[in-house]
1. Condition first: touching a strand residue (DSSP E or B) at 6+ places or on another chain (Cβ under 6 Å) and farther than 28 Å from residue B:335 by Cα. Now tell me which residues in segment B:77-101 satisfy that.
2. Among the residues of segment B:316-326, how many are in a helix (DSSP H, G or I) and either free of Cβ contacts under 8 Å to residues at least 24 places away in the same chain or within 7 Å of chain A (Cβ to nearest Cβ) (or both)?
3. Go through (1) assigned to a helix (DSSP H, G or I); (2) under 17 Å from the mean Cα position of the chain (by Cα) for residue A:20 and report which single condition fails.
4. Is it the case that segment A:180-196 has a residue that's in a helix (DSSP H, G or I) and surrounded by 24 or more Cβ atoms within 10 Å (Cβ to Cβ)?
5. What about residue A:121, is it surrounded by fewer than 24 Cβ atoms within 10 Å (Cβ to Cβ) and outside the structural domain of residue A:278 (by TED's automatic domain parsing)?
6. Would you pick out the residues in segment B:153-166 that are surrounded by 22 or more Cβ atoms within 10 Å (Cβ to Cβ) and either closer than 15 Å to residue B:125 by Cβ or touching a residue at least 60 places away in the same chain (Cβ under 8 Å) (or both)?
7. Going through A:56, A:20 one at a time, which residue ends up being under 24 Å from residue A:178 (Cα atoms) and touching a strand residue (DSSP E or B) at 6+ places or on another chain (Cβ under 8 Å)?
8. Taking segment A:122-171 as the region of interest, how many residues are within 30 Å of residue A:98 (Cα to Cα), more than 11 Å from every other protein chain (Cβ to nearest Cβ) and assigned to a helix (DSSP H, G or I)?
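The values are calculated or read from the model by the stated rules, or taken from the named source; none is laboratory data. Small disclaimer: the values here were computed from a predicted structure and weren't measured. All Cβ positions, even for glycine, are placed from backbone atoms using ideal geometry, and neighbour counts span all protein chains on display.
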């Protein structure tokens, strides 16, 4: 595998990845999954410093990247916008250059504004990995979701995946749509009208109006988090109505036991998802988290090996 | 220094003039204009002009010179330097300064800073105090101080009742009311046009209807209050063009302007997340760009105006969504218009000059420029065929926020002449 490389030397969005890239990443993840032993480390990133540059709160993505980097023997540093000089008025570019001057080669970036990883990549010689930018992209989440499906079903091609919930504000939805389509899955969307794009066909994903029909159709329900702050903007009449018509219930799954459930987390149980589903056998939420580490190890290894 | 242009093509649409002549500019006046040879004295610089055009001085009725209040972006001095370098001998500066131009004191301040410059600085004033949209400004006093139009540019007068009052107050004097057309409740936190790409890029969109509903509303109010004069600024959508076209056909006294970026660039450029493509109104779809060009061709759009909006590099070189809106335009406007309208076959040179000089002056009731012996020389000399590469380092503007750097254009300003001064354009 020494000669194999991703087609781009960074990861900004899911559409940066070709099917060959994804195969490479999945193979590498398989390798790490198979060979990782507690207490042992791989030396793929020995001598490389990875900065976790998070301008937005995150638990799982940040921890997952941090563990992945450490398992590859990288040095990691962490940056939190709330405690940084940004609060003193330092610009984003300045912050980047400051971290760069300390000898960092890779940057795992999360930011509340869309396009920031691309903006930073254009202004650094280091490698940017997008850990979520605004409403734009969250490519590693999409990779770990597809990887989870690949491990569960053996192939993503031809799978019927319905994405449910707050599509319009979701970077997870955007990246999953792009990646799942690259891998040949069929994707549909199910959401209230104010949580869908105005141009309904921009992603070429059919809209399924009722959740019951969606469950009927799908092999996989990918449920999105509903951010409570959406209520304040008046975009939904009430959480109760949302939950009643777009919340995924236990009954949906007792009706169709083979149906697979995924959610990028953190889950609002009782709003978009019935709490009883957390222990349902085909609920892959914890598997997604576990796979996330191996996917990120694979990406860090593939993007960091020549640094 | 006097200038002799030998065998220059003189185009002055208002005089129905399009012919080759020799012109001697002496002491700020057109001293001679003839087809026979003119003898030049030692004080006269002779310009080989067989490839050049002389037109009435170009006029941009929409610029932001940022003074007073934001002198780090631009000043009246650097703004007019930039204008002259781009071939413009007259501009109208917008009122969104700090403080806003809503009071005679600010008008007098700008006038004092504009004295003795090559480029004439005309002044617009706000429709409402502090551009807050609530109380109309002392329009009569402002007009007496020299203000040529009223607008809250930078934002719209949101309230219909206030706009109606403004039209009514302006009525006895027939002042020109102009509008930055934006329904603000639909554009909160926008970063680009509201289209498929906005959803893909995860950016908040600015729908075309946000512009159109203000245009439609104002056209109704203007008509209702007695067919008042109305000028929507920097129009950007096919729907707006259609609204104005219909209003004109119905005899309404409406005029309009469009900026070069709106007849050249589409919102596809936002995929770069480059803040030099972020402006208000935003870049639109191809169908809108086509409609703007069509509007320029059929006269729906009277003027080309740049919306010259300087911002410093440190303000623009940030996260796209945090970047201020706007790009500079004075030093690329003529080249872009010649390349994308004249050479693209949409407008002839007479029409370009009408849109960039004759019409804006007419809309503002300014004296029309005559190119004839004895008149003050207010001229732009340009080479319509010369190819050049935009180099923002050469700009005289204090800011460099342009998406057109390194673009190859065909057609370039050569001299700006006005107020017994001339600038050799260096671009």
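1. B:101
2. Going through segment B:316-326 one residue at a time, the tally reaches 3.
3. (2)
4. For segment A:180-196, residues in a helix (DSSP H, G or I) and surrounded by 24 or more Cβ atoms within 10 Å (Cβ to Cβ): present.
5. Against the criterion (surrounded by fewer than 24 Cβ atoms within 10 Å (Cβ to Cβ) and outside the structural domain of residue A:278 (by TED's automatic domain parsing)), residue A:121 qualifies.
6. Result: B:153, B:157, B:166.
7. A:56
8. The number of residues fulfilling the criteria is 3.
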